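*Asks:* Below you will find the structure I want to go over with you.
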Amino acid sequence: MAETLSIRDTARREDAPWLTLRMREAMEAWLFISPTVAGFLIFFVGPLIAVVWYSLTEWNLLTQQATFVGLDNYGDALFRNPDFWHVVRNSVIFAVGLVPLNMALALLLALALSRRFAGVIIFRTVFFAPVVTSAVAWAIVWRFLLQGEAGFVNQILAQVGIDGPNWLREPNWAMAAVIVTRVIKMVGLNMILYIAALQAIPRDYEAAARLEGASGWQIFRWIVWPLLGPTTLVIMVITTIGSFKVFDHIYQMTGGGPENGTLVLAYYIYQQGFQFFDVGYASALAMIMFVIVMVLTIVQLALRRRDT
Amino acid sequence: MTGFLTQRRMRLLNQVCWTVALCVAAIPFVFPFFWMVSSGFKSAAEIFGSPSLVPREWQWRNFIEVFNHQPFARQYFNSLYIAVTVTVLTLVVSSLAGYALARMRFAGAALIALLLVTALMVPEEVTIIPNFFMMRWAGLVDTHWPLILLPTFGSQGIMATFLMRQYFLALPKELEDAGKMDGLSRLGVWWSIALPMSRPALAAVAIITFLNSWNLFLEPLIFVSSLEKFTLPLALSNFTDPYGMPLWHLQLAATSLAVIPILVVYLIAQRQIIESFALSGVKG
C-alpha cells in the first residue's frame with residue numbers, strides 16, 4: 001500500500017504534476033484507441049446515420065437531387081415493388097439451402113478428421129484450401145466447369161448417360177449450383193471450428209461410455225452432440241449472416257440471373273445503388289438488410305442464452 | 001489370438017473405407033484447382049473440344065498473352081502493395097486499440113467495446129453507399145485509398161482488434177509491470193514487451209488481413225474504374241472478347257497466376273494459416 005502510494009506520488013511529481021495516475025492512464029488509453037475510434041466514427045457511424053437519411057429521400061444520381069419523401073422507399077420495397085419479395089425469397093432459399101448443408105458437411109468432415117491417422121493433415125489441408133482462395137477465382141473456375149454442353153461436369157455426366165442441365169442458365173439449377181459451390185468453398189472454415197471443439201472433448205468421456213456398452217451413434221447423440229452445442233450455435237450465427245452477405249460469388253457465377261433467379265439481397269442493393277443509381281431505394285434496402293441481420297443475430301444469441 | 005487379429009483387421013478395413021470416402025469427397029475441392037491450371041495451358045480451340053485432363057499441346061503463350069491483354073503486371077502489383085499496406089496498418093491500429101481495451105482502465109472502455117462488437121455484425125453492404133459518396137466528396141474515387149481505409153477501419157480491422165485484445169488478456173501481466181518499473185512508457189511497454197509476446201496473434205491478424213485484402217471484391221468493383229488501378233479480383237473477370245464473352249484460356253491462365261502463389265504459401269504454412277482462421281472464427 002505504502003509502495004503504490006509512493007509510486008503514484010512520484011509519477012505525479014515528476015511527470016505531470018497536474019494529473020493523477022489514473023487520468024494519465026485514461027489519456028494514454030484514448031491515444032492508443034483513437035485511430036480505431038476515429039475510423040469507426042468516419043467509416044461506420046457516419047455512414048450508418050447517412051444511410052438512414054438517404055433511405056428517406058428520393059435521390060436519383062442522374063438528377064443529383066435528394067428530396068425528403070418519408071417512408072416511400074420502404075413502401076416501394078415492401079408493398080409496391082414485386083422484385084423485393086422475390087429477392088428476399090432468393091436470399092432465404094440461399095440461406096436455407098446453404099446453412100444446413102454447410103454445417104452437416106462440416107460436422108461430418110470434422111468427425112472423420114478429428115482423430116489422428118496417416119494423412120489426416122493432408123485431408124484437412126485439402127478441404128480447407130478453397131477457404132483461402134479468392135471467391136472470384138473459385139467462381140470463375142466453377143462457371144467454366146458448369147457450362148452448358150462444353151462444361152466438364154456435363155461431359156462427365158454424359159459419359160454415364162445423364163443429360164445434365166445448363167446449370168447456370170436455368171433459375172432453379174443456378175440457385176442449386178450457386179449454393180453447392182459456395183458450400184464447397186466455405187465448409188473448411190466450419191470444419192476446423194468443429195475439429196477444435198471435438199478435440200477439446202476429454203477422451204475419458206468416450207472411453208467411459210464405451211465401457212458402459214454405448215454404441216458409436218449413442219456416444220455421438222448423447223455425449224458429443226450436446227457438448228458441441230455452443231460451437232454449433234456460433235457456427236450457425238456466422239454462417240447464416242455470411243449467407244445473407246454473399247455477393248462476389250453470385251456476381252461472378254450468375255450475375256444474379258437467369259431471370260433474377262439468383263438475385264439475392266446484397267446483389268440487389270449493389271444493383272439498385274451502383275448500376276441503376278437509385279440511391280434512396282438502395283439505402284432503404286440497406287437498412288432492411290441491417291434489420292434482418294440484427295434480428296437474426298439477436299434471435300440466435302437469445303437461443304444460446306436459453307440453452308445455457 | 002484370432003479374435004484380436006480380426007479386430008485389428010476390422011479396424012484397418014474401417015480405416016481404408018474412411019480414407020476412400022474422404023478421397024471421393026475431396027474431388028470437388030481439388031479438381032477445380034487442377035482443371036484451372038490444366039485449362040490455362042490449353043489453346044482456345046482445345047478448351048471447346050472434347051475435354052482432356054492434361055493439355056494435348058502445352059500453350060505457354062497464354063501466360064504471356066495475359067500480360068498483353070491488359071496491364072496485368074500492374075494489377076498484380078496493385079493487389080500486392082494494397083494487401084501489404086492494409087496488413088501493416090491493421091497490425092498497428094488493432095494492436096494499439098486491443099492493448100488499450102485489454103490493459104488500460106479508462107471511462108468508456110466498455111461502451112467502446114460494445115459498439116465495436118455491434119459493428120462487427122453489420123454487413124459492409126449497409127454502409128457502402130454513404131461511404132461511396134464520402135470518398136467521392138474527398139476525391140478518392142478511382143484511387144486505392146478506399147481499398148486501404150475501409151478494410152483497415154471496417155469490420156476486418158475491428159475483428160483484428162478483438163483478436164488482439166483477447167490475446168493480450170491472456171498474457172501474464174507481471175512482465176509488463178516490471179517494464180513499467182524500469183521506466184518504460186506505455187508505448188514502450190506495448191512495443192517492447194506486449195507485442196513480442198503476442199507473435200501468434202499478430203501472425204493470425206496478418207494472415208487473415210492479407211488474404212481478405214487480396215481477395216476483396218465489392219470495394220474495388222465500386223471504387224475503381226481505370227484498368228491500371230484494378231486489383232486482381234477485378235482483373236480476372238476482365239479477360240473477355242469484344243463481345244463480352246470470356247476468353248477462357250486467358251482467364252484461367254490469369255486465375256492460375258493469381259491463385260497459385262497463395263496456394264503455395266498455404267501449403268507451406270498450412271498449420272499456421274488454419275490455426276489463424278480457427279482463432280478468429282471462434283472470436284468472431
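*Asks:* In region B:38-54, which residues are part of a loop (DSSP other than H, G, I, E, B), within 14 Å of chain A (Cβ to nearest Cβ), at pLDDT below 90 and surrounded by 16 or more Cβ atoms within 10 Å (Cβ to Cβ)?
*Replies:* B:PRO51
*Asks:* How many residues, within region B:175-216, are in a helix (DSSP H, G or I), within 13 Å of chain A (Cβ to nearest Cβ), of a type outside the set (A, V, I, L, M) and open to solvent by 30 Å² or more (accessible area, probe 1.4 Å)?
*Replies:* 5
*Asks:* Is it the case that region A:103-116 has a residue that's more than 7 Å from every other protein chain (Cβ to nearest Cβ), within 28 Å of A:VAL234 (Cβ to Cβ) and either of a type in the set (Ser, Thr, Tyr) or touching a strand residue (DSSP E or B) at 6+ places or on another chain (Cβ under 7 Å) (or both)? Steps first, please.
*Replies:* Taking region A:103-116 and keeping what is more than 7 Å from every other protein chain (Cβ to nearest Cβ), we get A:103-111, A:113-116.
Going one step further and asking which of them are within 28 Å of A:VAL234 (Cβ to Cβ), we end up with A:103-111, A:113-116.
Adding the requirement that they be either of a type in the set (Ser, Thr, Tyr) or touching a strand residue (DSSP E or B) at 6+ places or on another chain (Cβ under 7 Å) (or both) leaves A:114.
Yes, region A:103-116 contains at least one residue that is more than 7 Å from every other protein chain (Cβ to nearest Cβ), within 28 Å of A:VAL234 (Cβ to Cβ) and either of a type in the set (Ser, Thr, Tyr) or touching a strand residue (DSSP E or B) at 6+ places or on another chain (Cβ under 7 Å) (or both).
*Asks:* Only one of (1) at the interface with another protein chain (Cβ under 10 Å from one of its Cβ atoms); (2) surrounded by fewer than 23 Cβ atoms within 10 Å (Cβ to Cβ); (3) free of Cβ contacts under 8 Å to residues at least 12 places away in the same chain fails for B:ILE274. Which number is that?
*Replies:* (2)
*Asks:* Among the residues in region B:165-174, are any out of contact with any strand residue (DSSP E or B) (no Cβ under 9 Å at 6 or more places or on another chain), at positive phi, open to solvent by 30 Å² or more (accessible area, probe 1.4 Å) and not in a helix (DSSP H, G or I)?
*Replies:* No, there is no match, as no residue in region B:165-174 is out of contact with any strand residue (DSSP E or B) (no Cβ under 9 Å at 6 or more places or on another chain), at positive phi, open to solvent by 30 Å² or more (accessible area, probe 1.4 Å) and not in a helix (DSSP H, G or I).
*Asks:* Do any helices (runs of 4 or more DSSP H) entirely within region B:70-150 hold 3 or more residues that are more than 12 Å from chain A (Cβ to nearest Cβ) and either hydroxyl-bearing (Ser, Thr, Tyr) or open to solvent by 50 Å² or more (accessible area, probe 1.4 Å) (or both), and if so, which?
*Replies:* Working: elements: B:72-103, B:109-121, B:124-137.
Here the list reads B:72-103.
*Asks:* Another question, then. Against the definition (open to solvent by 90 Å² or more (accessible area, probe 1.4 Å), closer than 30 Å to B:LEU184 by Cβ and at pLDDT 85 or above), how does A:MET27 come out, yes or no? Step through it out loud before you land on a result.
*Replies:* Details: open to solvent by 90 Å² or more (accessible area, probe 1.4 Å): yes; closer than 30 Å to B:LEU184 by Cβ: yes; at pLDDT 85 or above: yes.
Yes, satisfied.
*Asks:* Has region A:32-49 got any residue that is in contact (Cβ under 8 Å) with a residue 12 or more places away in the chain, part of a helix (DSSP H, G or I) and buried (at least 18 other Cβ atoms within 10 Å of the Cβ)?
*Replies:* Checked against the condition, which is being in contact (Cβ under 8 Å) with a residue 12 or more places away in the chain, part of a helix (DSSP H, G or I) and buried (at least 18 other Cβ atoms within 10 Å of the Cβ), region A:32-49 yields no hits at all.
*Asks:* Still on this structure, I have one more. For region A:69-147, which helices (runs of 4 or more DSSP H) that fit wholly inside it have 1 or more residues that are among the β-branched types (Val, Ile, Thr) and open to solvent by less than 20 Å² (accessible area, probe 1.4 Å)?
*Replies:* A:82-113, A:120-132, A:135-145
*Asks:* Out of all the residues in region B:232-254, is one or more open to solvent by 10 Å² or more (accessible area, probe 1.4 Å), within 11 Å of chain A (Cβ to nearest Cβ), under 17 Å from the mean Cα position of the chain (by Cα) and under 30 Å from B:SER43 (Cβ atoms)?
*Replies:* Among the residues of region B:232-254, at least one is open to solvent by 10 Å² or more (accessible area, probe 1.4 Å), within 11 Å of chain A (Cβ to nearest Cβ), under 17 Å from the mean Cα position of the chain (by Cα) and under 30 Å from B:SER43 (Cβ atoms), which makes the answer yes.
Every residue, every condition in (1) within 25 Å of A:ILE269 (Cα to Cα); (2) aliphatic (A, V, I, L, M); (3) modelled with pLDDT of 90 or more, yes or no:
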residue: A:LEU98; (1), (2), (3): yes, yes, yes
residue: A:MET103; (1), (2), (3): no, yes, yes
residue: A:ILE122; (1), (2), (3): no, yes, yes
residue: A:VAL141; (1), (2), (3): no, yes, yes
residue: A:GLY161; (1), (2), (3): no, no, no
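*Asks:* Quick check: is even one residue across region A:174-182 facing another protein chain (nearest Cβ under 10 Å), more than 30 Å from A:VAL279 (Cα to Cα) and open to solvent by 60 Å² or more (accessible area, probe 1.4 Å)? Spell out the reasoning first.
*Replies:* We begin by selecting, within region A:174-182, every residue facing another protein chain (nearest Cβ under 10 Å); these are A:180-181.
From what's left, more than 30 Å from A:VAL279 (Cα to Cα): A:180-181.
Going one step further and asking which of them are open to solvent by 60 Å² or more (accessible area, probe 1.4 Å), we end up with A:180.
Looking through region A:174-182, at least one residue is facing another protein chain (nearest Cβ under 10 Å), more than 30 Å from A:VAL279 (Cα to Cα) and open to solvent by 60 Å² or more (accessible area, probe 1.4 Å).
*Asks:* Looking only at region A:198-209, decide whether some residue is within 24 Å of A:LEU296 (Cβ to Cβ) and at pLDDT 90 or above.
*Replies:* First pass over region A:198-209, keeping only residues within 24 Å of A:LEU296 (Cβ to Cβ): none.
No - not one qualifying residue is present in region A:198-209.
*Asks:* Among the residues of region A:156-173, is any open to solvent by less than 50 Å² (accessible area, probe 1.4 Å) and out of contact with any helix residue (DSSP H, G or I) (no Cβ under 8 Å at 6 or more places or on another chain)? I'd like the intermediate steps shown before the answer.
*Replies:* Let us first name the residues in region A:156-173 that are open to solvent by less than 50 Å² (accessible area, probe 1.4 Å), namely A:157, A:164-165, A:167-168, A:171.
Cutting the leftovers down to out of contact with any helix residue (DSSP H, G or I) (no Cβ under 8 Å at 6 or more places or on another chain) gives us A:157, A:171.
Yes, there is a match, as at least one residue in region A:156-173 is open to solvent by less than 50 Å² (accessible area, probe 1.4 Å) and out of contact with any helix residue (DSSP H, G or I) (no Cβ under 8 Å at 6 or more places or on another chain).
*Asks:* Report, by residue number, each residue of region B:13-32 that is modelled with pLDDT of 90 or more and more than 7 Å from chain A (Cβ to nearest Cβ). Lay out the reasoning, then the answer.
*Replies:* Applying the first criterion (modelled with pLDDT of 90 or more) to region B:13-32 yields B:20-32.
Matches in region B:13-32: B:VAL20, B:ALA21, B:CYS23, B:VAL24, B:ALA25, B:ILE27, B:PHE31.
The values are calculated or read from the model by the stated rules, or taken from the named source; none is laboratory data. This one's a predicted model, so the numbers in the text were calculated from it and none came from an experiment. Don't worry about glycine lacking a Cβ; one is built from the backbone with ideal geometry, like all the others, and counts go over all protein chains shown. The area values use the complete protein model at the heavy-atom level, side chains included, leaving out ligands, DNA and RNA. Shrake-Rupley method; radii C 1.70, N 1.55, O 1.52, S 1.80 Å.
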